[in-house]
1. Can you tell me which of Val173, Val200 is farther than 21 Å from Ser144 by Cβ and within 14 Å of ligand 1 (Cβ to nearest atom)?
2. Would you call Ala66 open to solvent by 10 Å² or more (accessible area, probe 1.4 Å), in contact (Cβ under 8 Å) with a residue 12 or more places away in the chain and in contact with a Ser or Thr (Cβ under 8 Å, 6 or more places away or on another chain)?
3. Quick one: in the stretch 203-238, which of the residues that are over 21 Å from Glu145 (Cβ atoms) and of a type in the set (Ser, Thr, Tyr) is most open to solvent (accessible area, probe 1.4 Å)?
4. Restricting to the stretch 115-134, name every residue that is within 16 Å of ligand 2 (Cβ to nearest atom), under 16 Å from the mean Cα position of the chain (by Cα) and assigned to a strand (DSSP E or B).
5. Taking the stretch 203-240 only, how many residues are on the phi > 0 side of the Ramachandran plot and within 13 Å of ligand 1 (Cβ to nearest atom)?
6. Assuming Ala248 fulfils every condition listed in (1) open to solvent by 40 Å² or more (accessible area, probe 1.4 Å); (2) among the aliphatic types (A, V, I, L, M); (3) more than 16 Å from ligand 2 (Cβ to nearest atom) apart from one, which condition is it?
7. Suppose we keep only residues that are in contact with a Ser or Thr (Cβ under 8 Å, 6 or more places away or on another chain) and among the β-branched types (Val, Ile, Thr) within the stretch 112-151. Which one would you say is farthest from Tyr203 (Cα to Cα)?
8. Among Arg267, Arg242, Arg274, Arg280, which is within 26 Å of Trp95 (Cβ to Cβ) and open to solvent by 40 Å² or more (accessible area, probe 1.4 Å)?
Amino acid sequence: MFRFPTPPASEITPKTQWSRRRLLLAAGALTLPSFTRASPNDTAQPLPYRRNPAWDPDDKPTPFDAVSSYNNFYEFGPDKDSPKANAQSLRISPWTVTVDGEIARPQTFDIDEIIRWGLEERIYRLRCVEGWSAVIPWLGLPMSELIRRVQPTSKAKYAVFTSLADPAQMPRVRLPVLDWPYTEALRIDEAANPLTLLAVGMYGNRLPRQNGAPIRLVVPWKYGFKSAKSIVRIHFAEQAPRTTWNKAAPHEYGFYANVNPDVAHRRWSQESERRLGEFRKRPTLPYNGYAEQVAHLYAGMDLRRNY
Ligand SMILES: Nc1nc2c(c(=O)[nH]1)N[C@H]1C(S)=C(S)[C@@H](COP(=O)(O)O)O[C@H]1N2
Ligand SMILES: [Mo]
C-alpha cells in the first residue's frame, strides 16, 4: 500500500534563509503598514514565508510582468491577455476550500488559516503544453501538509481539485468552452509527492487573480493545465475522476500529462519551449527537469500510452 512520505531533511531551511519580513521583525521594525492596512481583496500584499531552495532551477525567475500578463484561465476568456483584463473583479476574500471524500477529517478551511500553517518560497519551472514556459517563485504549502491534516483513508486513490465556477464573476463559464467547473486530479502518491504545492502567492506577494488567486495547485513536472487555479474544493476519491481537459480532447490531454519531450501533442511538438520574455527556444526536459524526484512514480508504465 502507498505510504505518505515525510519531507526530506533538505526541506528544513536554515534560519538565515527566513524571509524579509522575519528579518525586519528581528531588526525591530515592528510596524509593517502593508500587512495591516491592505484590504483582504488586495493582492499586492506581501506574505510571510521561509525560503526553501531545495529544488531551485539553474535559471533565473521570469520577470513578474511576463508571468502575470500572459495566462491561461479560460473562466475569464480565451486569449492570453483575457485573464489579466477580466479577472480583477474576482472576490478572493472571504474564501474557503472544502476538503472531503475518503478522509478521516473532512473540513472547510479558510484561506487565512491555511496561510498561517506557514509558507515556503519555492522556485519552480512551469511548462504549458502550448510550448511556453516560465520560472516562478511560488509561495505555498506542500500538499503533503494538507494531506497530513485531513488523513486520507486507505480507499483514497485520487485527489480531485475543483476551481470556482461562478457565472456572476466569471462570465465565460456560461459558455460551454469547457465542462465547468474546471476539474483536474492527481493520483494520491503524486499529490503527496514533496514537490506538489498549494500556492497562495508568488514573487513575495499574494497571487494575482489571473494566476489563480487565492489558492491554486502547482505540479511542476506536469503540463500547466493540471495545476488548477482558484480552488474551492479538494475531494479524495477511490475511483479515477473524469478531468476537464481529458473530457475536452482525450487524445490530446491524458490523465497524467507529465512533461515529455518524446511524446508530441497533436498540434504541438513538445521537444522545445520558449521562456516568457525570451525569443530563443530551449530543449524541454523529461518531467520538466524533475525526473530525479518523480520518475519512480511511473516505473514500469508505458509513457506513450499514459501521456
Ligand atoms: N481554473 C483554471 N485553472 C487553470 C487553467 C484554466 O483555464 N482554468 N489553465 C491551466 C493552464 S493551461 C496553464 S498553462 C496554467 C497557467 O498558469 P499561469 O497563468 O499561472 O502561468 O494554469 C492552468 N490552470
Ligand atoms: Mo497550458
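The values are calculated or read from the model by the stated rules, or taken from the named source; none is laboratory data. As the structure is a prediction and not an experimental result, all values here were calculated from the model. Cβ coordinates were reconstructed from backbone atoms using ideal geometry, including for glycine residues, and neighbour counts include every protein chain displayed. Just the protein is used for accessible areas: all its heavy atoms, side chains included, with ligands, DNA and RNA removed. Shrake-Rupley method; radii C 1.70, N 1.55, O 1.52, S 1.80 Å.
1. Val173
2. So Ala66 does not fit the description; no.
3. Of everything passing the filter in the stretch 203-238, Tyr203 is most open to solvent (accessible area, probe 1.4 Å).
4. Across the stretch 115-134, the qualifying residues are Tyr124, Arg125, Leu126, Arg127, Ser133, Ala134.
5. So the answer is 3.
6. (3)
7. Once the filter is applied, the top-ranked residue is Val135.
8. Values: Arg267 fails: within 26 Å of Trp95 (Cβ to Cβ); Arg274 fails: within 26 Å of Trp95 (Cβ to Cβ); Arg280 fails: within 26 Å of Trp95 (Cβ to Cβ).
Within the list Arg267, Arg242, Arg274, Arg280, the selection yields Arg242.
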